[in-house]
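The values are calculated or read from the model by the stated rules, or taken from the named source; none is laboratory data. This is a predicted model, so every value here is computed, not measured. Every residue, glycine as well, gets a Cβ built from its backbone with ideal geometry; the counts of neighbours run over all protein chains shown. Ligands, DNA and RNA are stripped out before the accessible areas are found, and what is left, the full protein with its side chains, is counted by its heavy atoms. Shrake-Rupley method; radii C 1.70, N 1.55, O 1.52, S 1.80 Å.
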Amino acid sequence: MSEYTMNNEEEKEDKKSFIQRLRDSVIPIKPEDSAPVKVMKQIGFAAFLAVAGVVTALLAIAISFAL
């Protein structure tokens, strides 16, 4: 792989938003995945975000009561 190609790929990674990078690291969607698998991965990622948000909110509430 040439240096230009590697730099170009790094630029693409840098341009992705935080949510896109998180989605790629948690449940990567491959081009060869079928449509139902892609939908299930999207639903799974949404569930992951929901659980992470609830846990974060509960921790914030618990810390605020402890102080």
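Give me the residue from the stretch 20-39 that is in a loop (DSSP other than H, G, I, E, B) and farther than 21 Å from A52 by Cβ and, out of that set, least open to solvent (accessible area, probe 1.4 Å). Break it down stepwise before answering.
Restricting attention to the stretch 20-39, the residues satisfying the condition of being in a loop (DSSP other than H, G, I, E, B) are 27-34.
In the following step, the residues that additionally are farther than 21 Å from A52 by Cβ were identified as 30-34.
Working: K30: 102, P31: 116, E32: 139, D33: 32, S34: 59 Å².
The residue in question is D33.
When you go through (1) of a type outside the set (S, T, N, Q); (2) at pLDDT below 90; (3) part of a helix (DSSP H, G or I); (4) over 19 Å from the mean Cα position of the chain (by Cα) one by one for M1, which number turns out not to apply?
Here M1 meets the rest and fails (3).
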